[in-house]
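Structure first, then comments.
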Amino acid sequence: MSRLRSVTRSVPGVDRGTVLAAGAVPVPAGVGYALRPSDSQAATAHDGMAHDGTAEAPATSSGRAQAAPLAPYTKGTTVAGVAAPRNGSGYRRLGDGPGWPRAVRDELAAPQAGRAGRRTTLTAFVQFTDLHLIDSQHPLRLEYLRSTDPHAWRPHEALTVPGAISLVERVNSLRGAPVTGTPLHFVMTTGDNTDNNAKSELEWFMKIMSGGRITPNSGDPRHYEGVQSSGLKLYWQPDSTLRDADKQLGFPHIEGFLAAAIREVRSPGLTLPWYSTVGNHDALPLGCYAHGDPYLAEYAIGGRKLMSLSAAEARKLQDTIKNAKDPRGVQFRDLLKAHARAMRSVTPDEKRAPCTPADYLKAHLDPAYTGPGPVGHGYSSANVDAGTQYYSFRIADDVIGISLDTTDAAGHYEGSIGTAQLQWLDRTLRDNKDSYAVVFSHHTSKSMDNTRPDPARPGERRHNGAEVVALLAGHRNVLAWVNGHIHKNVITPHSAAGGHGFWEISTASHVDHPQLARIVELVDNKDGTLSLFTTLIESAAPHRTDFADLTRTGLAALYRELSLNAPGANRTLAGNAVDRNTELVLKKG
């Protein structure tokens, strides 16, 4: 690919000062305002010059000569070591385990000998996905589904905040990329940053990413009021000597656990610029119900909470969710009303209110959460005005990033995109045909099968994952589609005409074991091929836990170990070796 001109050079009527202030991309017209992670500003670059008249520098320049050779930096990655069980039965304790090897994948192109000595780095970045920051006392939560599905509630859900802060600390500690040694350029979150679509969780997410003090508590400021202090044997009661279902499996009694879980903590915030992609849990109450029911909105902030349900009723509710039989939450509302007398009293809290798409955008544009930038973290005031949550941004001289919104406002946890967004995606790729492209979304191609019309755009057709794959395969500059949602490491090749294609990189969550994020390095092998190196990372918390250590670091370690032991958890989410640390080779466009 040749060096890319500005993606907005030919766009008339763009006011540079306005775009710099907005810091993001207006999407309705398909204009791709270039965002540079190094300066946290949108650059219209009509003249290719900065405000002071000097040439603007991208986050990284492809093939730029280095002052000194860069060394691979594998410390703190799963190449160097991975948390591993120290015992094979009962409640399993974690310790240090061997690293995961790197697998070379050649489905899309044959790797050429000597490429390591020729390659130049185009970019390197970090992907966070499915943090699922959980307000564990929120009234809308469906913990009682555990009566039919053990994994419908996780014993570690009160510790998502210290766990995510520890992941931020891990990224801040990395001195370079694990294969090329190049500096990491930015972090992209690929959705489900929050869990209940609650304003409380959104505030925690913004502070974790950009830095600040967080009290991971809602309701009563003095006490935890959720299912873990309910006395119900269905849930792990960590502070109590009650022999609940989880203690019968070996879970510990940890006095002071709940007080520590809701104690104020501080996040240092990322030292890298970061971008945000929206997921179904960020966009929809419980990640599956459409907005609009006033009863559910009031219940979310009110003083009553359902904590138990019969297995038969739980099974019926779970079936309606899994099979999208109640996307508007009508049956769910009726269920709650029918069990009003069985509800327990909790402290009302306005901060638990559902978060609308406009709330989500405005939080990202709030100067209090700019952190290392860019302003808006990809989004702009134009997104607010248009009611859209997709954008493009400049990664490097020869690389653009495209963030999609694959959530469906009509309800259900699977995704799709509307015709306007699909056409915008096509235009953006065509307008930037001289640049490589990395596409980001929450949903995977196979989980985009929910094509209910958006209530705000009832006449617009929705498009599934197969249609998106076909569109991306038609653009030779697309190298990768990076996503999450399925909580599992899966890397899939998508071939295209002429021997070209792209890689779909799906990464495990940070709420279910093994709690991972991923580094992606893009290099030009200078032999007609490119390589995408993927390397998984854990949080900075120690692998070994100490039940007496209730500091933030100790809680982050316990968060990992509890997730390993969560009853009913899927034990295959780490994926196979070819889905973890890899070199993905593909033909140069």
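Some values worked out for this structure:
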read-out: Failed item in (1) touching a Gly at 6+ places or on another chain (Cβ under 7 Å); (2) in a strand (DSSP E or B), with residue 437 passing the rest; value: (1)
read-out: Flag if residue 492 is closer than 28 Å to residue 514 by Cβ, assigned to a strand (DSSP E or B) and polar (S, T, N, Q); value: yes
read-out: Flag for residue 522 being buried (at least 23 other Cβ atoms within 10 Å of the Cβ) and over 21 Å from the mean Cα position of the chain (by Cα); value: no
read-out: Scope segment 239-258; condition out of contact with any Asp or Glu (no Cβ under 7 Å at 6 or more places or on another chain) and free of Cβ contacts under 8 Å to residues at least 60 places away in the same chain; matching residues; value: 240, 241, 242, 243, 244, 247, 248, 253
read-out: Qualifying residue in segment 516-528 (condition: within 16 Å of residue 82 (Cα to Cα) and β-branched (Val, Ile, Thr)); value: yes
read-out: Flag if residue 111 is open to solvent by 30 Å² or more (accessible area, probe 1.4 Å), modelled with pLDDT of 95 or more and touching a strand residue (DSSP E or B) at 6+ places or on another chain (Cβ under 6 Å); value: yes
read-out: Odd one out for residue 182 among (1) out of contact with any strand residue (DSSP E or B) (no Cβ under 8 Å at 6 or more places or on another chain); (2) open to solvent by less than 20 Å² (accessible area, probe 1.4 Å); (3) among the polar types (S, T, N, Q); (4) not in a helix (DSSP H, G or I); value: (1)
read-out: Residue among 135, 130 that alone is in a loop (DSSP other than H, G, I, E, B) and on the phi > 0 side of the Ramachandran plot; value: 130
read-out: Selection from segment 223-250 of residues that are in a loop (DSSP other than H, G, I, E, B) and open to solvent by less than 10 Å² (accessible area, probe 1.4 Å); value: 226, 235, 236, 237, 238, 244, 246
read-out: Positions within segment 343-364 being in a helix (DSSP H, G or I) and either modelled with pLDDT under 95 or in contact with a strand residue (DSSP E or B) (Cβ under 8 Å, 6 or more places away or on another chain) (or both), in sequence order; value: 351, 352, 364
read-out: Filter result (among the hydrophobic types (A, V, I, L, M, F, W, C) and in contact with a Leu (Cβ under 6 Å, 6 or more places away or on another chain)) within segment 335-376; value: 343, 355, 363
read-out: Options 589, 528: the member that is touching a residue at least 60 places away in the same chain (Cβ under 8 Å) and at positive phi; value: 528
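Yes/no per residue for (1) more than 28 Å from residue 412 (Cβ to Cβ); (2) touching a residue at least 40 places away in the same chain (Cβ under 8 Å); (3) open to solvent by less than 20 Å² (accessible area, probe 1.4 Å):
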residue	(1), (2), (3)
161	no, yes, yes
169	yes, yes, no
190	no, yes, yes
199	no, yes, no
205	no, yes, yes
211	yes, yes, no
216	yes, yes, yes
220	yes, yes, yes
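Residue by residue, here is whether (1) within 22 Å of residue 407 (Cα to Cα); (2) without any contact (Cβ under 8 Å) to a residue 12 or more places away in the chain; (3) out of contact with any Asp or Glu (no Cβ under 9 Å at 6 or more places or on another chain) holds:
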site	(1), (2), (3)
323	yes, yes, yes
341	no, yes, yes
344	no, no, no
347	no, no, no
352	yes, no, no
370	no, no, yes
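This table checks each residue for (1) touching a strand residue (DSSP E or B) at 6+ places or on another chain (Cβ under 6 Å); (2) buried (at least 24 other Cβ atoms within 10 Å of the Cβ).
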position: 513; (1), (2): no, yes
position: 516; (1), (2): yes, yes
position: 529; (1), (2): yes, no
position: 555; (1), (2): no, yes
position: 567; (1), (2): no, no
position: 570; (1), (2): no, no
position: 577; (1), (2): yes, no
position: 583; (1), (2): yes, no
position: 589; (1), (2): no, no
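The values are calculated or read from the model by the stated rules, or taken from the named source; none is laboratory data. Just so it is clear, the model here is predicted, and its values are computed rather than measured. Note: ideal-geometry Cβ built from the backbone for every residue, glycine included; neighbour counts use all protein chains shown. Please note that ligands, DNA and RNA were not included when accessible areas were found on the heavy atoms of the full protein model with its side chains. Shrake-Rupley method; radii C 1.70, N 1.55, O 1.52, S 1.80 Å.
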